[in-house]
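Only one structure is covered here, and it is reproduced in the block below.
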């Protein structure tokens, strides 16, 4: 999966904790997107992934799922099943479908944020 569409807002401001957490890693934040179900006021973002990118999905209960863009197929099986022409994007759903009936009214968990990182470049020797 090399590109997705997200409906929401690009985050421009971060908490001090978020800034410090990224500084302690070997990753650089490329972009952060907050999901929104308000189609009238939210923006549409097409995000292209590169080979060294890492994704962090943050869910409504503050759990996270991190990995390469290939994890999209693990989190959203419909992305793997979707037949699409080369160059088309997968539109990221607002909710992760679960089988757990204890999770809310419909058993789904909402996505809050997608953070896109890239590996920091090593300084030349």
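The values are calculated or read from the model by the stated rules, or taken from the named source; none is laboratory data. Computed from a prediction, not measured in an experiment: that's the story for all the values here. Cβ atoms come from the backbone with ideal geometry, glycine included; neighbour counts cover every protein chain shown.
List of remarks:
- Residue within region 85-97 that is at pLDDT 80 or above and in contact with a helix residue (DSSP H, G or I) (Cβ under 7 Å, 6 or more places away or on another chain) present: yes
- Residue among 78, 50, 43, 60 that alone is in contact with a strand residue (DSSP E or B) (Cβ under 9 Å, 6 or more places away or on another chain), at pLDDT 90 or above and exposed (fewer than 14 other Cβ atoms within 10 Å of the Cβ): 50
- Number of residues in region 12-34 that are in contact with a helix residue (DSSP H, G or I) (Cβ under 9 Å, 6 or more places away or on another chain) and within 25 Å of residue 74 (Cβ to Cβ) equals 3.
- All conditions in (1) surrounded by 15 or more Cβ atoms within 10 Å (Cβ to Cβ); (2) modelled with pLDDT under 70; (3) under 26 Å from residue 51 (Cα atoms) hold for residue 122, with the sole exception of (1).
- Tally, over region 1-37, of residues that are closer than 18 Å to residue 94 by Cβ and loosely packed, with under 12 Cβ neighbours inside 10 Å: 1
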